[in-house]
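K.L.:
Could you have a look at this structure, given as structure tokens, before my questions?
What follows draws every value from the coordinates through simple rules; no lab data is involved. These numbers were taken from a predicted model, which means no experiment stands behind them. For neighbour counting, all protein chains shown are included, and Cβ atoms are generated from backbone atoms with ideal geometry for every residue, glycine included.
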Amino acid sequence: MLLTMAKSITNFGTYSTCNCHTSEANYAKPRNCFIFFQQPSRKYFLSSYLDVPRSSTRVGAFAKLDENTKICKFCEVGDLRNAVELLRMSQKSELDLNAYSSILQLCAEHKCLQEGKMVHSVISSNGIPIEGVLGAKLVFMYVSCGALREGRRIFDHILSDNKVFLWNLMMSEYAKIGDYRESIYLFKKMQKLGITGNSYTFSCILKCFATLGRVGECKRIHGCVYKLGFGSYNTVVNSLIATYFKSGEVDSAHKLFDELGDRDVVSWNSMISGCVMNGFSHSALEFFVQMLILRVGVDLATLVNSVAACANVGSLSLGRALHGQGVKACFSREVMFNNTLLDMYSKCGNLNDAIQAFEKMGQKTVVSWTSLIAAYVREGLYDDAIRLFYEMESKGVSPDVYSMTSVLHACACGNSLDKGRDVHNYIRKNNMALCLPVSNALMDMYAKCGSMEEAYLVFSQIPVKDIVSWNTMIGGYSKNSLPNEALKLFAEMQKESRPDGITMACLLPACGSLAALEIGRGIHGCILRNGYSSELHVANALIDMYVKCGSLVHARLLFDMIPEKDLITWTVMISGCGMHGLGNEAIATFQKMRIAGIKPDEITFTSILYACSHSGLLNEGWGFFNSMISECNMEPKLEHYACMVDLLARTGNLSKAYNLIETMPIKPDATIWGALLCGCRIHHDVELAEKVAEHVFELEPDNAGYYVLLANIYAEAEKWEEVKKLRERIGKRGLKKSPGCSWIEVQGKFTTFVSADTAHPQAKSIFSLLNNLRIKMKNEGHSPKMRYALINAGDMEKEVALCGHSEKLAMAFGILNLPSGRTIRVAKNLRVCDDCHEMAKFMSKTTRREIILRDSNRFHHFKDGFCSCRDFW
């Protein structure tokens, strides 16, 4: 349809003239602002009210005219200097009201404040009463010359004599400088004095109320407008349309437009602008085409908003057609039009045309530079975006808030911490640090670059934080694996600010990271009470939280309740099934997604390959890997190859996994070699493990985890001399293994255990329980997996070492402290060992408890002596 629109535009002439209005540079996107269309000029506006009859021109030489007529003649030809000089030389008795009014009018037109003040001084020294027409002329002069305070002082002095046009002038001037509340104050005072407004009054005041978001007041004015008979005035109805769009009441705006009989270009522009503002860009373009069909003359505002609509819907062909129309209409020199074009080409993915539009601009404003910076960021060219920022600054163009936030976004996306710090230094030097949007962008940059300490430093220096500030920090803590800090900050936030749906979506990953199901449920309740559950990003975060807290049943219930699922919804569910070892359910979910018409992306394929890997579904995994290449035209990345290597290695195809790594089109990283090393441990292939380990050590020589993994392989093969050598190698390099720890949530509080933890107050009871269970296991024929003690010692010492593994301590603590029948949920930061896995199965059978253990790889559901992983992990 949009292509048809583009063709139709080229078949119509442009019905505007080349007498274009020059406007200040502005952003192409008209969101959150009104376009104030040009009213009649002030000179014309006041002449019908303020001009007093001129003295009749006398026949004869100019020299014979009286002083008043001479001054008026000087004013008529624009000779302000001589008019003022003559005024000063004249006697009070020789001057009349006409002379004073004429010279004040000329001062206003030429914006000559000093001369106007001098005339005011003469009036005061001559004892002329400042009232009526003279008072109005003085107010007009001061306001026109930018001296609003002086104008207001005189305005208040002559309040009882003020006519409606003067009230309109004052309200309009306050609105122009953004003091909408003062405009409203004057309007209400005007009503109290019984002065009836006209169409200009209501047009101005509606914009003030709308900008302040006072919808109820707007509706009251709407009723007043119709009572006073201004319902047919275009200026008033156009303002009402814009007001309702600003308030998000799109249907009310449409109704007003439909009822308007004599629509002008401003009426159509208001509809196009309002639709774009409220996210109905397709409708905006339909209104534009109707304008062409009805032969309504388009102007600059029409094309600017229509091009912005093209940018939002991604219609490059229609945008190009509008570009051509703009050139024909002589708008190619208009900065606003060029900036909007640049933005359109950028959002439509045509960077070359955006650069070309930028280079052809005669005048480049900060908006032009910022639009191009944003275009580079959108294309992933972060270094180029940062370079362009400094080039803009070197050209003498001062960055504004938008350019600062754009370049910080480039640093964040490019993970350029050092460049981000350089930008931060620039902000400090130019005193922009107190600007809230800039501070929020700085926090976001530091958070995305992994420096939460610097992010918090910025956060702590913000005097008044908004919801974005809090959400940025909470989200940053969650994404940087600092869940406790995220929950703590959320508690602080509730004392100062009300959370929103985005807060919840940022906080839920922290609960998932900690496996904090009880806290997560509390947040879920808060979401339901505040009506955030209908927001898809919140629902997706809830599903992910339940998945990572081990409650797949709740995740599935929420998933099934979502009427319109997006790709993230499906991917989270596929990933969840994979984490819980339900490979076939993951595949079924993937197939339902395809039937629903959702195309998978690279993350979805990673999730389904991971699910196949952790369920040992070799043929299915190969099928998805091949379809990714052949059907979806995606080049597999390192994470996809890692899943396939892991799948082959887990299923015992170690040689095939090794060959796949050798033939990969991209260089394998330590993760891929590490996946094969894990497979070597599962299948006890020491020879291949040694070969693979050398590749891993070369790529990540300081990662102690891989040395420990090889040491485990040697220990399981009882090659204690090799274990000793590896430990010496680790010691020489000064490497330290991350200590294993496990934690459990009881009544909303977390208890953390490390191996052989004897400091806990219940340590004696915990170890007693574990010893009793160990004895029962032996009596029933279960022997401890001694090789997992990883020490060369006697059986008794090994048994003691095994008994102290952190996950066993956490599970025993749960049995002792949770009510009978309650599921025990434990999380561990490392992979669970085989002996602890066997102990967990026995615990679930003996105590008749369901135990859910989440390790660094996956979930294990223990029930009645069996595990959901079927001993495949």
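K.L.:
Short version: ³J(HN,Hα) in whole Hz for each residue of segment 522-536, in order, from phi by Karplus 6.51 cos²θ - 1.76 cosθ + 1.60 (θ = phi - 60°), x for Gly and Pro, what are they?
P.N.:
In residue order, the calculated couplings are x, 5, 4, x, 4, 4, 5, 5, 9, x, 8, 5, 7, 7, 4 Hz.
K.L.:
Considering the values (1) 129, 68, 53; (2) 133, 61, 54; (3) 129, 121, 67, which represents Cα extents along the principal axes in Å as calculated for the structure under consideration?
P.N.:
Read-out taken from this structure: (2).
K.L.:
Could you tell me how many degrees, from 0 to 90 and to the nearest 10, lie between the Cα long axis of helix 602-615 and the main elongation axis, the longest principal axis, of the Cα atoms of the chain?
P.N.:
With rounding to tens, the tilt is 20 degrees.
K.L.:
Let me ask something else. Among the lysines, select those whose C-alpha is under 17 Å from the C-alpha of K725, and discard any that sit fewer than 8 residues away in the same chain.
P.N.:
Straight-line reach from K725, under 17 Å: K691, K736, K737.
K.L.:
How about segment 365-463: which GluC sites (Glu not before Pro) there are in a DSSP loop, with at most 16 other Cβ atoms within 10 Å of their Cβ? Present the calculation step by step, with values, prior to reporting the outcome.
P.N.:
Values: sites: E379, E391, E393, E453, E454; in loops: E379.
Of the GluC sites (Glu not before Pro), the ones in loops of segment 365-463 whose Cβ has at most 16 other Cβ atoms within 10 Å are E379.
K.L.:
Next question. Give, as a single signed number, the net charge of other residues whose beta carbon lies under 10 Å from the beta carbon of M579, with Lys and Arg counted +1 and Asp and Glu -1.
P.N.:
Values: positive: K548, R854, R858; negative: none.
So the environment of M579 carries a net charge of +3.
K.L.:
Right, something else. Mind pulling the angle between the C-alpha long axis of helix 806-817 and the longest principal axis of the chain? Nearest 10 degrees, somewhere in 0 to 90.
P.N.:
The angle comes out near 80 degrees.
K.L.:
What spacing in nm lies between the two simple spin-label points modelled at Q494 and K719, each 7 Å away from Cα in the Cβ direction?
P.N.:
5.5
K.L.:
Take the Cα atoms of segment 468-541, find their three principal axes, and give me the spread along each one in whole Å, biggest first.
P.N.:
Result for segment 468-541: principal-axis Cα extents of 27, 27, 19 Å.
K.L.:
Calculate the dipole size of the chain relative to its Cα centre from +1 charges on Lys and Arg beta carbons and -1 charges on Asp and Glu beta carbons; express the result in debye to the nearest 20.
P.N.:
Numbers: 97 positive and 89 negative charges, 329 e Å.
It works out to roughly 1580 debye.
K.L.:
For the pair M89 and I177, what calculated FRET efficiency results from E = 1/(1 + (r/R0)^6), where r is the Cβ-Cβ distance and R0 = 45 Å, to the nearest 0.05? Could you put the intermediate results ahead of the total?
P.N.:
Working: r = 38 Å, r/R0 = 0.84.
With a Förster radius of 45 Å, E is 0.75.
K.L.:
Counting only C-alpha contacts under 8 Å and six or more residues apart, can you give the relative contact order of the chain as a whole percent? Show your work: numbers first, answer last.
P.N.:
Details: 1222 pairs, mean separation 52.0, N = 873.
After rounding, I find 6 percent.
K.L.:
Taking the Cα centre of segment 637-737 as the origin, how large is its charge dipole in debye, to the nearest 20, when only Lys and Arg (+1) and Asp and Glu (-1) carry charge on their Cβ atoms? Don't jump to the answer; show the numbers that get you there.
P.N.:
On the way: 15 positive and 16 negative charges, 58 e Å.
Approximately 280 debye in magnitude.
K.L.:
Return the subset of K565/K637; K347/K479; K70/K111; K719/K845 for which the Cα-Cα distance in this structure is over 24 Å, preserving the input order. Present the calculation step by step, with values, prior to reporting the outcome.
P.N.:
Values: K565/K637 26 Å; K347/K479 28 Å; K70/K111 22 Å; K719/K845 34 Å.
Flagged as over cut-off: K565/K637; K347/K479; K719/K845.
K.L.:
Only Lys, Arg, Asp and Glu count, each charged at its Cβ (+1, +1, -1, -1), so figure out the dipole size of segment 807-873 about its Cα centre, rounded to 20 debye. Walk me through the numbers on the way to the answer.
P.N.:
On the way: 13 positive and 8 negative charges, 51 e Å.
Roughly 240 debye, rounded to the nearest 20.
K.L.:
How far is helix 97-110 tilted off the main Cα axis of the chain, in degrees rounded to 10, range 0 to 90?
P.N.:
Compared with the principal axis, the helix lies near 30 degrees.
K.L.:
Further question: Using a cut-off of 19 Å between alpha-carbon atoms, which aspartates and glutamates can reach K192, once sequence neighbours fewer than 8 places away in the same chain are excluded?
P.N.:
D156, D161, E182, E217
K.L.:
Using alpha carbons only, what's the Rg to Rh ratio of segment 160-235 with Rh from Kirkwood?
P.N.:
Values: Rg = 11.6 Å, Rh = 12.4 Å.
So for segment 160-235, dividing Rg by the Kirkwood Rh gives 0.93.
K.L.:
Name the residue farthest towards the positive end of the dipole of the chain from the options I474, C348, F337, assuming +1 on Cβ of Lys and Arg, -1 on Cβ of Asp and Glu, about the Cα centre.
P.N.:
Of the options given, the answer is I474.
K.L.:
Show me the ranking of peptides 708-715, 83-90 by mean Cβ neighbours inside 10 Å, starting with the highest.
P.N.:
Working: 708-715: 21.2, 83-90: 17.9.
Averaged packing, sorted descending, gives the order 708-715, 83-90.
K.L.:
Sticking with this one: Let me know the volume per residue of the alpha-carbon convex hull for segment 374-460, in Å³. Don't jump to the answer; show the numbers that get you there.
P.N.:
Details: hull volume 6.9 nm³, N = 87.
Taking the convex hull of the Cα positions in segment 374-460, it is 79 Å³ per residue.
K.L.:
Regarding segment 637-737, what is the average projected area of its C-alpha convex hull, in nm²?
P.N.:
One quarter of the hull surface, i.e. the mean projection, equals 5.9 nm².
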